[in-house]
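The values are calculated or read from the model by the stated rules, or taken from the named source; none is laboratory data. Predicted model, so just to flag it, every value in this text is computed and none were measured. Heads up, the Cβs are rebuilt from the backbone with ideal geometry, glycines too, and the neighbour counts pull from every protein chain shown. SASA here: full protein model, heavy atoms, side chains in, ligands and nucleic acids out. Shrake-Rupley method; radii C 1.70, N 1.55, O 1.52, S 1.80 Å.
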Amino acid sequence: MRKRYTKQGSVRKASQRNRRNRQAGKNGEVQLVLDRQKLLSMMQDSLTSFATELGLKVATLLLEDEVNRRCGQRYERVPERTVTRYGHQRGLVVVAGQKLPILRPRMRYTRQCGEAELETYAQLQSPDAMPQAVLKRLVRGVSCRDYEGVVDLAREGFGVRKSSVSRSFVKASAEAVRQLAERRFDGLRIPVIYIDSVEYADETMTVALGVLENGAKLVLGVRQGATENAAVCTALIEDLQQRGLDTSQPVLLVLDGSKALRAAVKRVWGSRALIQRCQVHKKRNVREHLPERYWGELSRQLSAAYGATDYDEALQRLQTTARWLERLNPDAAASLREGMEETLTVIRLGVPELLRRTLATTNPIESAFSVAENVTRRVKRWRAGDMRQRWCIAGLLRAESKFRRVKGYRHMPQLLKALDRLVLGTELDENRRIA
């Protein structure tokens with residue numbers, strides 16, 4: 001029988017090829033090998049610290065795995081490779097909101113000069129990782145001074161001092177301001193817009209919050225000014241218009257009663273703007289003119305008027321209340337009569353009760369302000385520049401992440417039809433008691 005002779009080099013190449021195929025067939029799996037004593041020591045510290053240390057071990061293995069995939073196994077001859085091992089160098093990665101030192105492998109090209117970059121290392125050392133981790137914790141009420149205490153620091157972790165944390169927050173919040181300023185609204189129908197202001201250290205932040213056709217809420221924009229004046233409000237709305245907000249469509253604007261806000265929206269939307277004055281603000285303003293013994297009766301009468309389902313009936317009830325207030329305090333009556341019809345716009349639209357209660361007040365935007373104020377309550381010293389704007393937007397975006405659709409969102413199509421009818425000058429039919 002004739003023997004088959006095989007060259008020794010061919011056998012070695014086939015063996016190396018099979019070994020590479022076996023490595024590639026593991027679907028990118030990485031085996032983690034830990035010393036038993038080190039493992040027990042890490043677990044005794046705390047579970048979170050153990051997870052952080054484990055994450056560092058995984059990061060090291062991911063780096064080595066990328067080197068093996070690109071260079072082949074150590075001491076393996078891979079003639080077609082384009083990069084080769086080039087030792088190790090000290091570096092750092094960001095894990096669990098802290099910087100950790102790591103011994104990173106290096107590679108260099110075989111056919112050209114220069115060092116090859118590790119994609120995994122670039123991802124682990126992302127310049128946005130630390131700022132985003134800081135922003136995530138600070139918007140939940142952690143101060144820069146306490147950041148080091150809430151982070152389960154790894155044994156060799158660093159970069160969590162208040163100065164480093166502050167710089168990271170400035171970077172992340174500035175990025176949040178930029179992203180909000182670049183939001184586009186092209187093609188979006190926003191039938192309801194809430195506009196209100198909140199004070200931060202003697203300066204005013206004017207905020208616009210929109211409600212989409214499906215009932216979802218969205219922060220539209222923020223403008224900083226000394227007071228809630230018409231110029232600031234107009235600048236905010238014109239900025240939204242430049243970013244694609246359609247002002248040719250009829251819109252319901254829910255305001256707190258500020259004359260500056262009303263003048264601004266009328267200047268931009270004109271007759272296409274229907275204004276709903278916040279009923280809670282109106283009750284509060286009228287109540288401040290009366291002694292406390294009349295507050296209960298005032299609340300009963302105003303609640304009866306605002307709870308009516310017919311516009312004429314509600315207006316008649318408010319006029320009766322105004323005549324009653326005239327005998328007690330003429331200024332209280334004047335406060336009620338100022339913008340009286342605009343507090344009944346949602347009743348005039350004839351939307352069902354659940355959606356009407358949502359649109360009758362500025363509670364949705366006040367709720368967002370509450371979250372933002374909770375984020376900034378630990379700030380002790382307000383500096384000049386954009387600090388107020390950065391903190392306010394960070395808090396508002398934190399609130400936006402928890403937004404749900406407005407109550408009564410299923411009736412939004414009825415609101416859109418009612419807005420079109422009123423803007424076109426066609427009154428609603430007599431059967432407006434659909435609520």
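Which links in 259/283; 259/282; 171/402 stretch past 19 Å when you go from one Cα to the other? Display every interim value, and only then the final one.
Numbers: 259/283 17 Å; 259/282 13 Å; 171/402 23 Å.
From the list (259/283; 259/282; 171/402), the Cα-Cα distance tops 19 Å for 171/402.
Given R₀ = 25 Å, FRET efficiency for residue 284-residue 326 by Cβ-Cβ distance, to 0.05? Before the final figure, lay out the partial values.
On the way: r = 20 Å, r/R0 = 0.79.
About 0.80, to the nearest 0.05.
Hey, what's region 318-392 come to in accessible area per residue, 1.4 Å probe, Å²?
46
Is region 292-434 best put as rounded, prolate or oblate by its Cα gyration tensor, with a ≥ b ≥ c the root eigenvalues, rounded for a/c under 1.5, and otherwise prolate when a/b is larger than b/c, oblate when not?
Values: a/c = 2.59, a/b = 1.40, b/c = 1.85.
The shape class here is oblate.
When the Kirkwood hydrodynamic radius is evaluated over all pairs of different C-alpha atoms of region 261-317, what value in angstrom, to one decimal, is obtained?
Details: mean 1/r = 0.0752 Å⁻¹.
In region 261-317 this quantity evaluates to 13.3 Å.
Convert each backbone phi in region 413-418 into a coupling constant with the Karplus relation 6.51 cos²θ - 1.76 cosθ + 1.60 (shift: θ = phi - 60°), then list the ³J(HN,Hα) values in order as whole Hz, x for Gly and Pro.
Per residue, the Karplus-derived 3J(HN,Hα) values read x, 5, 5, 4, 5, 5 Hz.
On the protein heavy atoms, probe 1.4 angstrom, tell me the percent of accessible surface of region 228-314 carried by carbon and sulfur. Walk me through the numbers before you get to the answer.
Working: 1660 of 3750 Å².
Solvent-exposed carbon and sulfur of region 228-314 make up 44 percent of the total.
Students often check this: by mean Cβ neighbours within 10 Å, which of 220-231, 392-403 ranks highest, and how do the rest follow? Each step should come with its number before you reach the end.
Working: 220-231: 17.5, 392-403: 19.9.
Final packing ranking: 392-403, 220-231.
If r is the Cβ-Cβ distance from residue 77 to residue 57 and R0 is 51 Å, what FRET efficiency results, to the nearest 0.05? Kindly include the intermediate steps, with their values, before the conclusion.
Values: r = 29 Å, r/R0 = 0.58.
So, using R0 = 51 Å, E works out to roughly 0.95.
Output wanted: per-residue J couplings in Hz (rounded whole) for region 337-354, from phi through Karplus 6.51 cos²θ - 1.76 cosθ + 1.60, θ = phi - 60°, x for Gly and Pro.
With the stated coefficients, region 337-354 comes to 5, 5, x, 4, 5, 6, 6, 10, 4, 5, 6, 5, 5, x, 6, x, 4, 4 Hz.
Mind checking Rg over Rh on region 164-310, alpha carbons, Kirkwood formula for Rh? The partial results should precede the final answer.
Numbers: Rg = 18.2 Å, Rh = 17.3 Å.
Ratio of gyration radius to Kirkwood radius for region 164-310: 1.05.
Give the long-range amide H neighbours of residue 221: residues separated by 5 or more places, or on another chain, with amide H under 5 Å away, using H modelled in the peptide plane at 1.01 Å from N.
Result for residue 221 returns 208.
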